[in-house]
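Worksheet: one structure, shown below.
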Amino acid sequence: MQITIVAGARPNFIKIAPIIKAIENRQKSGADLSYRLVHTGQHYDKNLSDTFFEELNIPHPHANLEVKSGSQAVQTAAIMVAFEQELLQNPTDLVLVVGDVNSTMACAIVTKKLNIKVTHVEAGIRSGDWTMPEEINRIVTDSITDHFFTTSASASENLLKYGASPNKVHFVGNVMIDTLTQNLPRIKQPDFWNEFGLENGNYIVLTLHRPSNVDEEKSLQNLLLGIDKLAGDKKVVFPVHPRTKAILGDAKLDFKNIVYAEPQGYLAFMYLIKNSFAVITDSGGISEETTVLGIPCFTMRENTERPETQTIGTNTLVGISVENLKKHFTDFLQNGLREHGIPELWDGKASERIVDILLSEWKKS
Ligand code: UDP
């Protein structure tokens, strides 16, 4: 079986790393399986791309479509045009896409129109928020997927509700957590650790990149001001996403507690998260990682497509107002973190399950 694996953006790289490792392990034990890795070039900054390939030992891609930035339509269209050529020149049995970025949806559409099977890893999650480009990517991708791999029973239920065939929906766990489990022994202190006076538990990590938080300069500044105040005597380490940097500009505001950093590589970022007092973020993936590491996470969004991080994990959804963040943060300071646990099958073995299921489906077909 020949699999084409698509990856375009930072969270994609983190998700494909353990899948490739699982494929290579099955190859070693004689499975009839090969893969071709296609990087669409959606993220191309060294900080968001190359560093992840190096640190997570992801093989050099067989092809890079180099689509780079653009509006939603321009980028999606560019990926589709280039990926169609890629598939025509390199026939494959199935295409595996992960997550919810433009590359996920664009490549799924091209694949299906060429009558090739689509496999979606992290299928079925839904925020219910149609203003998020990611939600549209999820819904379109899942509407044409042949094999669904999910991170939770509720994601599987979402798919069944919309008519997916039950024998095509597989609840396998979370590949993001496979990467975390495999790399925890390798995490490393960031370079600025001493310079910023960081010690275990004496700082907060902040990441923001969603349009609802960062696209309006004034409200982004107000948000930062509020976070700086609520931090009390704790430093707030803020690795600034390029999208956020473009709004803040070079003249970043001076705060008492907030210290700016470049987007971090995976190993330094996980070190920061694992040793932090708490995390404030609008990322989905980070709320999964903090759940597994038992770190309090405050998500600056009105909704989440990962409800288990809230019901089982350490995540609190606080909305996008700094007043609400303050309310929830104060509650945490007074009462501590509520009881929490790790969602079912987030055990580091999702990728192996995925590859085994694909192999057995292939044998049946
Ligand atoms: N991440 C990282 N360095 C950073 C910020 C994030 O390695 O400076 C990792 C983080 O651990 C998580 C992933 O990038 O695994 C999340 O990416 P992002 O927030 O861009 O995407 P989302 O999860 O919101 O789709």
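The values are calculated or read from the model by the stated rules, or taken from the named source; none is laboratory data. Just so it is clear, the model here is predicted, and its values are computed rather than measured. Because the Cβ atoms are built from the backbone with ideal geometry, glycine has one as well, and the counts that use them run over all protein chains shown.
Quick look at the values:
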| read-out | value |
| --- | --- |
| Residue in region 66-80 that is among the hydroxyl-bearing types (S, T, Y), within 21 Å of I16 (Cβ to Cβ), in contact (Cβ under 8 Å) with a residue 60 or more places away in the chain and in contact with a helix residue (DSSP H, G or I) (Cβ under 8 Å, 6 or more places away or on another chain) present | no |
| Residues being surrounded by 20 or more Cβ atoms within 10 Å (Cβ to Cβ) and either basic (K, R) or over 20 Å from G265 (Cβ atoms) (or both) - total across region 172-200 | 3 |
| Failed criterion for I109 (all others in (1) in a loop (DSSP other than H, G, I, E, B); (2) of a type outside the set (D, E, K, R); (3) modelled with pLDDT of 95 or more hold) | (1) |
| 1 or more residues without any contact (Cβ under 8 Å) to a residue 40 or more places away in the chain: qualifying helices (runs of 4 or more DSSP H) within region 126-207 | 133-143, 153-161 |
| Residue count for region 211-227, restricted to those that are of a type in the set (D, E) and either within 16 Å of the ligand (Cβ to nearest atom) or surrounded by 18 or more Cβ atoms within 10 Å (Cβ to Cβ) (or both) | 1 |
| Failed criterion for R353 (all others in (1) touching a residue at least 24 places away in the same chain (Cβ under 8 Å); (2) within 16 Å of the ligand (Cβ to nearest atom) hold) | (2) |
| All positions within region 325-339 that are assigned to a loop (DSSP other than H, G, I, E, B) and of a type outside the set (D, E) | G336, L337, R338 |
| Of the criteria (1) within 16 Å of the ligand (Cβ to nearest atom); (2) exposed (fewer than 15 other Cβ atoms within 10 Å of the Cβ), which one D32 fails | (1) |
| Condition check for V236: touching a residue at least 12 places away in the same chain (Cβ under 8 Å) and closer than 21 Å to D45 by Cβ | no |
| Subset of region 283-307 [buried (at least 21 other Cβ atoms within 10 Å of the Cβ) and away from the ligand (no atom under 15 Å from the Cβ)] | P296 |
| Selection from region 329-365 of residues that are surrounded by fewer than 19 Cβ atoms within 10 Å (Cβ to Cβ), in contact with a Ser or Thr (Cβ under 9 Å, 6 or more places away or on another chain) and within 30 Å of V236 (Cβ to Cβ) | D331, F332, L337, R338, H340, G341, I342 |
| Subset of region 98-115 [within 16 Å of the ligand (Cβ to nearest atom) and farther than 20 Å from A17 by Cβ] | N102, M105 |
| Which listed residue, of N57, N12, N47, is within 16 Å of the ligand (Cβ to nearest atom) and over 17 Å from the mean Cα position of the chain (by Cα) | N57 |
| Any hit, region 244-260, residues being free of Cβ contacts under 8 Å to residues at least 60 places away in the same chain, under 29 Å from W346 (Cα atoms), within 15 Å of the ligand (Cβ to nearest atom) and within 18 Å of the chain's Cα centre (by Cα) | no |
| Failed item in (1) within 15 Å of the ligand (Cβ to nearest atom); (2) closer than 15 Å to I227 by Cβ; (3) aromatic (F, W, Y), with F277 passing the rest | (1) |
| Elements of type strands (runs of 3 or more DSSP E) in region 228-324, at least 1 residues being under 27 Å from I125 (Cβ atoms) | 235-239, 278-281, 297-299, 315-317 |
| Selection from region 115-163 of residues that are within 22 Å of I354 (Cβ to Cβ) and aliphatic (A, V, I, L, M) | I116, V118, V121, A123, I125, I139, V140, I144, A153, A155, L159, L160 |
| Region 1-19, residues that are in contact with a Phe, Trp or Tyr (Cβ under 7 Å, 6 or more places away or on another chain) and aliphatic (A, V, I, L, M) | M1, I3, I5, A7, I14 |
